[in-house]
Amino acid sequence: MKLKHFLFDLDETLYPPDTGLWPILGSRMNTFIHTRLGIPMEEVEELRERYFHTYGTSLRGLQMDYAVDANEYLDFVHDVQISDFIQPDHQLTEILASLPGDKIIFTNANKAHSKRVLHALGVEQYFSQIVDVVDMDPYCKPYPQAFEVAMKLVNDPDPANYILLDDSIKNVQAALDIGMSAIHVSPRQSNFGHITHITCIHEIRNVLPSFFEV
């Protein structure tokens, strides 16, 4: 098999979950929902959890139920100093430089946030494209329509030419269901024996030979 396109999730895939960035972003989501919509803070976490399981992201639920403007929400949530949490990753740089094929960010965040994270990691030059949650509207990962959008924007409709790397097991399974290859990237071990798992992105070269010749 000769894979042509690497689809990389962004948050907690290209960098580990222990940076502290995601809890800050989650806190800002809570603040937006509380202050912008007047929902009691003690109800916000449950609402976000329900939206996540129903729609894939809190944003999609907020758009459906409250007509929240996506750009307003995303700009507020991502208004943090990324370099306080993420520093250049020289090992990741070497890995990306060695991978054949093109590399695309495929994220439920937006492009502005993605670019700041890539810049903080020092790897922005290795990615040819960012497919973000605005591009996928009204869908997002793990919906198959989101993957269709990504393939259309990459201009290759054959899912067999893609491999997804993502920290969400739902997104990984969705990729497998439509015929892509996929790797689960998470320090939390997958309980699904049919899914290839690595604990961090630095381990990618350990498993790639099972997918294609490198």
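Read-outs: derived from the displayed coordinates by stated rules, not from any lab. None of the values given here were measured: they were computed from a predicted structure. Neighbour counts are summed over all protein chains in view; Cβ atoms, including those assigned to glycine, are modelled from backbone coordinates with ideal geometry.
Among the candidates Asp177, Asp156, the residue that is farther than 23 Å from Leu96 by Cβ, acidic (Asp, Glu) and surrounded by fewer than 20 Cβ atoms within 10 Å (Cβ to Cβ) is uniquely Asp177. Summed over the stretch 43-85, the residues that are under 17 Å from the mean Cα position of the chain (by Cα) and loosely packed, with under 13 Cβ neighbours inside 10 Å give a count of 1. Scan the stretch 122-138 and tell me whether some residue there is in contact with a strand residue (DSSP E or B) (Cβ under 8 Å, 6 or more places away or on another chain), among the hydrophobic types (A, V, I, L, M, F, W, C) and not in a loop (DSSP other than H, G, I, E, B). Scanning the stretch 122-138 turns up at least one residue that is in contact with a strand residue (DSSP E or B) (Cβ under 8 Å, 6 or more places away or on another chain), among the hydrophobic types (A, V, I, L, M, F, W, C) and not in a loop (DSSP other than H, G, I, E, B). Within the stretch 86-117, the set of residues being hydrophobic (A, V, I, L, M, F, W, C) and either assigned to a helix (DSSP H, G or I) or within 18 Å of the chain's Cα centre (by Cα) (or both) comprises Ile86, Leu92, Ile95, Leu96, Ala97, Ile104, Ile105, Phe106, Ala109, Ala112, Val117.
The residues of the stretch 120-149 that are closer than 28 Å to Gln87 by Cα and out of contact with any helix residue (DSSP H, G or I) (no Cβ under 8 Å at 6 or more places or on another chain), listed by number, are Gln125, Ser128.
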